[in-house]
Structures are given as C-alpha cells and as structure tokens.
Amino acid sequence: MPFTKGLRCRECNREYPADPIHVCEFCFGPLEVVYDYEAMHRNVTRESIERGPETVWRYADLLPADPEYAVDISAGFTPLVRARNLGEALGLKNLWLKNDCANPTWSFKDRVVTIAATKAREFGFDTLACASTGNLANSVSAHAARAGLDAYVFIPSDLERGKIVGSSIYGATLVAVDGNYDDVNRLCSELADKYKWAFVNINMRPYYAEGSKTLGFEVAEQLGWRAPEHVVAPMASGSLYVKIWKGLQELAKLWLIDSVTTKMSGAQARGCSPIVTAYEQGTTNIRPVRPKTIAKSLAIGNPADGYYALKVMEESGGYGVASDDEEIVAGIKLLAESEGIFAETAGGVVIAGLKKLALEGKIQPDEVTVAYITGSGLKTQEAIEDHIDLPLHIDPHLASFEEALGLREQERAATPA
C-alpha cells in the first residue's frame with residue numbers, strides 16, 4: 001500500500017483528503033501529494049526496491065497509487081546510456097543520456113499515465129481523458145485500452161501526424177481543437193467540471209505528476225545510488241523538471257542516497273520559452289507567450305509549474321537555456337549521428353541546450369551530467385525530413401552506384417561544415 005497521507009496546497013498549506021481534486025478551494029493554488037516519510041523510511045530500502053520489477057512499479061512504495069490496481073504497460077527503467085561520442089564532441093567526460101524513447105509508447109508520458117490511470121481505477125472512473133501536445137495522447141490511449149476504459153484525448157489540430165496515428169490506433173476518441181495547447185487545456189478544464197471523467201492532467205494531476213519522480217529515482221539507482229552532479233531536462237509546463245528534483249530529494253530524505261548537490265538546468269525552445277525568459281530576466285513572474293516553434297511537445301505558453309521550476313533552478317544553482325528551431329534540428333541530428341538515438345524535437349531542445357551550457361563553461365568537463373531524452377523522433381519526422389540526405393537513386397548495377405556515390409561526395413565537399 002502507498003504511504004500517502006493526503007493532499008496539500010503548495011501555496012497556503014491547507015490539507016485535503018486524497019481525492020480526485022487538484023486546486024485549493026481557498027487560494028486556488030495547486031495541490032500536491034503528502035507522504036508519511038517516517039513510515040517510508042522504516043519500510044523502504046535499496047534492497048526492497050531492487051527486488052521489484054524493472055518498471056516504475058519497483059518504486060511503488062514511493063508513489064501515490066496502489067499497485068494492486070496497477071494499469072501497467074511496463075513503463076520505466078529505461079536505459080541510462082554512457083554518451084562517450086557526444087561527450088567527446090562537447091568536451092564532457094562523464095555524460096549520460098536517460099533514454100525514455102524506450103518506453104512502451106515511446107515517451108516519458110508512460111510514467112505519469114500509469115500512475116494516473118491506476119488512481120482512476122482506484123477512484124472508480126470509467127473514462128480517461130487529457131489535454132495533450134501529442135505524447136500524452138498516445139499514452140492515455142494505450143493505458144485506457146489496457147485498463148478497459150473509454151478514452152477522450154483533446155489535441156491541437158496542427159499536431160504531428162505520427163502522434164495522431166499513435167493515439168487513434170488504440171481506439172481512443174480524438175478531438176482536434178483549432179487552437180494551441182493552452183486553448184485545449186482551457187477547454188478541458190471546463191469539460192472536467194461537467195463530465196465525470198478522469199482527466200489525467202487536470203483532476204488527477206497531483207497523482208499524475210508524481211510519476212515523473214521516477215526519472216530521478218532511476219537515474220540515481222542506475223548511477224550506483226548517487227545523484228548526478230548536473231541535469232539537463234526539457235521544460236514545457238515545468239512539472240517533469242520539478243519532479244526529477246523532488247525524486248532526488250526524496251531519496252536523500254530516506255537515506256537511500258547522500259545529500260543532493262545536483263545542478264538542475266532546464267531547456268526550452270526559444271519560440272516558447274516563458275520559463276527561460278523569466279530566468280534570463282531575473283524574475284519569478286512568468287509572462288505567458290503564444291508558441292511558435294517546431295518543438296510542439298514543449299509548446300505550453302502558460303506553464304503551470306513555471307514558478308516552481310524557477311525556484312528549483314535557483315535552489316540548485318542550475319541554468320535556463322533556450323534554442324531556436326535551427327539549433328533544435330541540429331541537436332536532433334547531433335544526437336542521432338553520435339549516439340544512435342533518434343529523438344523528437346524535445347530531445348533536440350535538450351541537446352542544443354546541453355551544447356550551449358558546455359561551450360559556455362556552465363557544465364564542467366568532469367561533472368557527472370545526465371541529459372533527459374523524453375521522446376522518440378519517429379513521432380515528429382516532419383521536423384527533420386527536409387534536413388537529411390535523400391536516398392541515392394541508382395540503377396541495379398555497380399557503375400550506377402559508383403556514379404551516384406561520387407556525386408554525393410562532391411555535394412558534401414561543397415557544403416559548408
């Protein structure tokens with residue numbers, strides 16, 4: 001059973017029962033899960049965790065959902081890859097990549113949805129729903145299919161084709177909204193008041209968000225039960241970034257790792273960078289923006305956890321970094337060509353940001369650094385297809401191949417590096 005005590009407002013500290021609610025009725029602040037850490041400390045050890053399954057559910061005692069109700073499609077415990085080639089290119093000797101492209105629906109969203117879907121089952125809901133920039137839509141659709149629940153997913157109408165197909169295949173009802181993600185989210189907030197559905201990132205948000213802590217748990221365990229010295233993670237709402245930090249802090253609180261001195265750096269696309277812009281201006285006041293970037297999975301112009309992300313950045317001594325679309329494409333290609341990982345645009349944002357931080361000396365060469373790659377590039381092929389070489393087109397004989405190869409080599413020699 002989880003060691004959950006209830007919910008608490010992150011602003012005024014009023015306490016609530018562990019119900020499907022997400023906003024304080026007094027100050028309208030966000031609610032967060034409260035745990036009994038003393039009981040956790042008595043019951044949770046490294047050994048008890050290591051005996052668990054190789055999924056997020058190995059950390060069941062540190063999460064707010066009862067594993068007896070688990071909606072499990074085997075999310076989590078994804079590879080932590082030593083990035084020697086990329087590290088050499090960037091001058092980083094201890095660079096690691098947390099490759100969440102390896103999740104069942106090819107993004108980190110499986111971590112949060114497995115928790116939200118499990119809580120929905122606990123609460124007796126018969127329908128899962130969400131507002132999504134794409135990856136969440138895929139994961140909600142898959143988990144609903146696994147749990148035998150109906151699913152309604154609301155997406156911006158200009159979403160990448162791969163993410164639309166990757167949701168429809170599971171039988172979910174997709175609703176394409178003419179507007180950006182913030183428009184979709186506002187609509188879903190209205191719908192959540194009317195329909196008795198489990199909106200994973202609205203009325204289920206306090207539980208859903210806790211799934212991202214497992215990205216902190218896993219990296220610490222995979223590094224031999226220690227926190228990294230530097231993290232670079234993508235930021236959309238800011239929740240994933242904040243929860244990685246919370247996960248590391250909880251392990252330290254439970255004496256499972258030493259005290260955490262990790263610098264938390266967050267990366268955004270310059271075309272939708274309200275958190276990084278506030279960081280650059282030295283303020284915690286987030287000014288909403290209208291997204292204009294190829295990084296649609298990060299295109300949240302009014303980030304719900306932006307303020308808390310800035311506080312983590314300040315507390316940890318990390319940095320905010322933003323990259324334009326050209327740099328994002330270059331980041332996708334650099335990661336693929338150096339480490340054999342094809343990431344979506346959010347991964348390009350992280351690698352572009354990582355490169356900037358390294359070149360500016362904000363990441364030291366010997367620091368144990370983890371860059372989080374949160375989704376597969378197969379979902380966002382439109383962003384990269386005009387920036388890669390076309391196949392050599394030849395007749396079926398040797399001379400044709402050698403002629404085409406020679407032309408390709410001439411083209412590359414004439415192209416500026």
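Dipole size in debye (nearest 20) for the stretch 142-231 around its Cα centre, Lys and Arg Cβ +1, Asp and Glu Cβ -1? Spell out each step's value before the answer.
On the way: 9 positive and 12 negative charges, 56 e Å.
Roughly 280 debye for the stretch 142-231.
Can you give the log10 of the normalised intensity I(q)/I(0) at q = 0.10, 0.11, 0.17, 0.18 Å⁻¹, computed with Debye over equal Cα scatterers of the stretch 193-338? Values returned for q = 0.10, 0.11, 0.17, 0.18 Å⁻¹ are -0.38, -0.46, -1.01, -1.09.
Here the alpha carbons of the stretch 99-167 define both size measures, Rg and Dmax, at 11.5, 34 Å.
Keeping the other protein chains in place, figure out the carbon and sulfur percent of the accessible area of the stretch 346-417, with a 1.4 Å probe. Walk me through the numbers before you get to the answer.
Details: 2420 of 4300 Å².
Using a 1.4 Å probe with all protein chains present, the stretch 346-417 comes out at 56 percent carbon and sulfur.
In this rough spin-label picture, where each label sits 7 Å from Cα along the Cβ direction, the N13-N43 distance is 2.6 nm. The label point for D395 and the one for E409, both projected 7 Å from the Cα toward the Cβ, are 2.2 nm apart.
Applying a DSSP loop filter and a limit of 15 other Cβ atoms within 10 Å to the trypsin sites (Lys or Arg not before Pro) in the stretch 11-72 leaves R14, R51. Mind checking the angle between helix 325-339 and the chain's longest principal axis? C-alpha axes, 0 to 90 degrees, to the nearest 10. The angle comes out near 80 degrees. For the set K98/K253; K119/K194; K5/K292, the pairs lying more than 30 angstrom apart at their alpha carbons are K5/K292.
Charges at C-beta only: +1 for Lys and Arg, -1 for Asp and Glu. How large is the resulting dipole of the stretch 1-151 about its Cα centre, in Debye rounded to 20? Could you put the intermediate results ahead of the total?
Values: 17 positive and 20 negative charges, 129 e Å.
So the magnitude is around 620 debye.
Taken over the Cα atoms of the chain, the convex hull encloses 154 Å³ per residue.
As a quick test, which of the pairs K93/K333; K246/K311; K263/K311; K243/K311; K93/K355; K296/K379 have an alpha carbon distance above 18 angstrom in this structure?
Numbers: K93/K333 21 Å; K246/K311 12 Å; K263/K311 12 Å; K243/K311 12 Å; K93/K355 13 Å; K296/K379 11 Å.
Listed pairs above 18 Å: K93/K333.
Under a Gaussian network description of the chain, with springs only between Cα atoms under 10 Å, the residue in P104, P234, P391 that fluctuates furthest is P391.
For the stretch 239-332, applying the loop criterion from DSSP together with a ceiling of 14 other beta carbons within 10 Å to the trypsin sites (Lys or Arg not before Pro) yields K292. With all protein chains kept in place, the per residue accessible area of the stretch 124-274 amounts to 33 square angstrom at a probe of 1.4 angstrom. Computing Rg and the Kirkwood Rh from the Cα coordinates of the stretch 98-226 gives a ratio, Rg/Rh, of 0.99. With respect to the chain, whose longest principal axis is taken over its alpha-carbon atoms, helix 135-147 is tilted by about 60°.
To one decimal place, what Kirkwood hydrodynamic radius in Å is obtained for the stretch 255-338 from all pairs of distinct Cα atoms?
Details: mean 1/r = 0.0721 Å⁻¹.
Here the Kirkwood hydrodynamic radius works out to 13.9 Å.
Here the stretch 59-108 is treated with +1 on each Lys and Arg Cβ and -1 on each Asp and Glu Cβ, and its dipole about the Cα centre works out to around 520 debye.
Compactness of the stretch 3-110 was expressed as the Cα radius of gyration divided by 2.2 N^0.38 Å, which yields 1.41.
So, taking all protein chains as they sit and a 1.4 Å probe, how much accessible area belongs to T214, in Å² rounded to tens? Accessible area of T214: about 0 Å².
The alpha-carbon atoms of the stretch 317-417 define a convex hull whose volume equals 143 cubic angstrom per residue. Adding -39500 (n - 2.57) for every DSSP H run of four residues or longer, then dividing by how many residues the chain holds, sets the calculated 222 nm ellipticity at -12000 deg cm²/dmol. Shown here is the pair-distance distribution of the stretch 304-376: with all Cα-Cα distances grouped in 10 Å bins from zero up to the longest one, the shares run 19, 46, 32, 4 percent. Based on the Kirkwood radius over alpha-carbon pairs, what value in µm²/s does the Stokes-Einstein equation return for the translational diffusion coefficient of the stretch 282-329 at 25 °C and 0.890 mPa s? For the chosen part, D equals 201 µm²/s. In the stretch 68-121, the inverse of the mean reciprocal separation of distinct Cα atoms equals 12.7 Å; this is its Kirkwood hydrodynamic radius.
Looking at the stretch 315-417, which GluC sites (Glu not before Pro) are in a loop (DSSP not H, G, I, E or B) and have at most 10 other Cβ atoms within 10 Å? The qualifying sites are E360.
Residues whose amide H lies under 5 Å from that of A129, counting only those 5 or more places away or on a different chain, are Y152, A198, F199, V200; hydrogens are built 1.01 Å from N in the peptide plane. The Cα center of the stretch 1-69 and the Cα center of the stretch 131-173 differ in position by 26 Å. Can you tell me the 0 to 90 degree angle between the C-alpha axis of helix 181-194 and the longest principal axis of the chain, rounded to 10? So the helix axis and the longest Cα principal axis differ by about 30 degrees. For the chain, modelled as a GNM whose springs connect Cα atoms under 10 angstrom apart, the maximal fluctuation among F342, F401, F28 occurs at F401.
The values are calculated or read from the model by the stated rules, or taken from the named source; none is laboratory data. Source: prediction; values computed, not measured. Virtual Cβ from ideal backbone geometry, glycine too; neighbours counted across all protein chains shown. The accessibility values were calculated without ligands, DNA or RNA, using every heavy atom of the protein model including side chains. Shrake-Rupley method; radii C 1.70, N 1.55, O 1.52, S 1.80 Å.
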